[in-house]
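Here the structure is laid out as structure tokens; the discussion comes afterwards.
The values are calculated or read from the model by the stated rules, or taken from the named source; none is laboratory data. Model, not experiment: these values are computed from the prediction. Note that we place each Cβ from the backbone using ideal geometry, even for glycine, and neighbour counts take in every protein chain shown.
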Amino acid sequence: MKTDIVLKTLLFNSDGKILLLRRSETDVRRPLQWDFPGGLQDQGETLETGAIREVKEETGINVSDLELVFTKTELGKWIDDKGSHERNVIRIYFIAKTIDENVTLSFEHDKFCWVSVDEAQELIIYPRHLEVLEYVKTNKLVL
């Protein structure tokens, strides 16, 4: 069975607000749901370089200092444009800080917002993301 490594970054600005991206209406997995920048690790990438690449591709923002804060492993269905597949999924969550708040969205997203962790918990509905937000809040990891 294939294993996918999903890299997500909770990107904080200088006011301690976190960047959320809204998936486009055409997204096959979770259309119009709020998300963190990120995606699949490419072959040959380290976790950090993959996360940095995904943030740049989805937001236009360069980040460098990442801190790994949360991991989650699960067996589940992976949905893509070819259908639904059983996969092992390893989710890796980083936190990072940026002074650049100029977001350039990719085709994958249609909106963005900078919000507090509490506000993010109201907008996010994906259970794994809610777990990491609670972890960040409980452990006072807001940058």
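Does region 129-143 hold any residues that are crowded, with 16+ Cβ neighbours inside 10 Å and in a helix (DSSP H, G or I), and which are they?
Let us first name the residues in region 129-143 that are crowded, with 16+ Cβ neighbours inside 10 Å, namely 129, 132-133, 136, 141, 143.
Passing the criteria: H129, V132, L133, V136.
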Exercise for the section: Tell me, please, whether a residue that is among the small types (G, A, S), closer than 18 Å to I18 by Cα and assigned to a strand (DSSP E or B) can be found in region 92-103. Expected result: yes
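Take E101 and decide whether it is over 16 Å from R29 (Cβ atoms) and either modelled with pLDDT under 95 or surrounded by 15 or more Cβ atoms within 10 Å (Cβ to Cβ) (or both). Talk me through it step by step, then tell me what you get.
Working: over 16 Å from R29 (Cβ atoms): yes; either modelled with pLDDT under 95 or surrounded by 15 or more Cβ atoms within 10 Å (Cβ to Cβ) (or both): yes.
Yes.
Which ones in region 31-64 are touching a His at 6+ places or on another chain (Cβ under 8 Å) and part of a helix (DSSP H, G or I)? Walk me through how you get there before you give the answer.
Taking region 31-64 first, the residues touching a His at 6+ places or on another chain (Cβ under 8 Å) are 35-36, 58.
Correct list: E58 only.
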Handout entry: Among the candidates L19, L75, L32, residue that is closer than 20 Å to L123 by Cα and surrounded by fewer than 16 Cβ atoms within 10 Å (Cβ to Cβ)
Key = L32
Handout entry: In region 41-68, residue nearest to E122 (Cα to Cα) [restricted to those that are touching a helix residue (DSSP H, G or I) at 6+ places or on another chain (Cβ under 8 Å) and surrounded by fewer than 16 Cβ atoms within 10 Å (Cβ to Cβ)]
Key = L68
Exercise for the section: Please determine, by comparing only the residues of region 34-71 that are within 13 Å of T98 (Cβ to Cβ) and hydroxyl-bearing (S, T, Y), which one is modelled with the highest pLDDT. Expected result: T59
Exercise for the section: For I95, state whether it is of a type in the set (A, V, I, L, M, F, W, C) and under 16 Å from D4 (Cβ atoms). Expected result: no
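Regarding I90, is this residue modelled with pLDDT of 95 or more and surrounded by 15 or more Cβ atoms within 10 Å (Cβ to Cβ)?
Working: modelled with pLDDT of 95 or more: no; surrounded by 15 or more Cβ atoms within 10 Å (Cβ to Cβ): yes.
Against the criterion (modelled with pLDDT of 95 or more and surrounded by 15 or more Cβ atoms within 10 Å (Cβ to Cβ)), I90 does not qualify.
Take the residues of region 107-125 that are surrounded by fewer than 14 Cβ atoms within 10 Å (Cβ to Cβ) and at pLDDT below 95: which is farthest from G60 (Cα to Cα)? Write out each step before concluding.
At the first step, the residues of region 107-125 found to be surrounded by fewer than 14 Cβ atoms within 10 Å (Cβ to Cβ) are 107, 111, 118, 122, 125.
Now drop any that are not at pLDDT below 95, which leaves 107, 125.
Values: F107: 12, I125: 25 Å.
Applying the filter and picking the extreme gives I125.
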